[in-house]
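Written below as structure tokens is the structure these notes are about.
The values are calculated or read from the model by the stated rules, or taken from the named source; none is laboratory data. Quantities reported herein were computed from a predicted structural model and do not represent experimental measurements. Positions of Cβ are backbone-derived with ideal geometry, glycine not excepted, and every protein chain shown enters the neighbour counts.
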Amino acid sequence: MTGPESEGSVVRRAVCPGSFDPITNGHLDIISRASRLYDEVYVAVMINKSKKGLLEVDERLDLIRQVTAEYGNVRVEAFHGLLVDFCKQRDIPAIVKGLRAVSDFDYELQMAQMNIGLSGVETLFVPTNPTYSFLSSSLVKEVATWGGDVSHLVPPVVLEALNKRLRKD
């Protein structure tokens, strides 16, 4: 075996969870920053069968793999169920979440407290780059649906996928 684990050191892993429908430049900022702090970063794409997304799960996975390929230490997987179970199965001790505003903190703090109570998995909050403080996938979808320019909010390959999906032929 080669690499950090063979030398007796522990591989530091974290997960960045979300629906990523679609992945935005704000998501990428958090993933990029996490990839500099951890040896392995999992991007966990939530599957919610009761909620129809704009992009299919496989399409989201593919887009995320494309836009995170340059990092080298990012893995992209889908999951359903509890995030802490995803973490336990992969020996991931930390969840990295971006916070845009105080309103995000209220909800995310409750989730973090539940996660540590259920499994001991820690949550680290990363303040969003102010450039992306207003940005959400929902906002991107809404603006794109009405023909607004979201080219500065998502990577080019994601913009292409959005335009293709929303094109009314």
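Select from region 47-71 the residues that are more than 22 Å from residue 144 (Cα to Cα) and modelled with pLDDT under 95 and write down the one among them that is nearest to the chain's Cα centre (by Cα).
Only one residue tops the list, namely 47.
Look through region 86-104, keep the residues that are in a helix (DSSP H, G or I) and modelled with pLDDT of 95 or more, and return whichever of them is surrounded by the most Cβ atoms within 10 Å (Cβ to Cβ).
Taking the candidates together, the pick is 87.
Looking at region 134-143, can you tell me whether even one residue there is at pLDDT 95 or above and either in a loop (DSSP other than H, G, I, E, B) or among the polar types (S, T, N, Q) (or both)?
no
Tell me which residues, restricted to region 1-42, are modelled with pLDDT of 95 or more, out of contact with any strand residue (DSSP E or B) (no Cβ under 8 Å at 6 or more places or on another chain) and β-branched (Val, Ile, Thr).
23, 24
Could you tell me whether any residue of region 96-112 is among the aromatic types (Phe, Trp, Tyr), touching a strand residue (DSSP E or B) at 6+ places or on another chain (Cβ under 9 Å) and under 26 Å from residue 10 (Cα atoms)?
No, region 96-112 has no match at all.
With respect to residue 158, is the statement that it is in a loop (DSSP other than H, G, I, E, B) and at negative phi true?
In short, no.
Yes/no per residue for (1) free of Cβ contacts under 8 Å to residues at least 24 places away in the same chain; (2) out of contact with any Cys (no Cβ under 8 Å at 6 or more places or on another chain):
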position: 26; (1), (2): no, yes
position: 42; (1), (2): no, no
position: 50; (1), (2): yes, yes
position: 73; (1), (2): no, yes
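Specify which of the listed residues (11, 76) is buried (at least 19 other Cβ atoms within 10 Å of the Cβ) and either of a type outside the set (D, E, K, R) or not in a loop (DSSP other than H, G, I, E, B) (or both).
76
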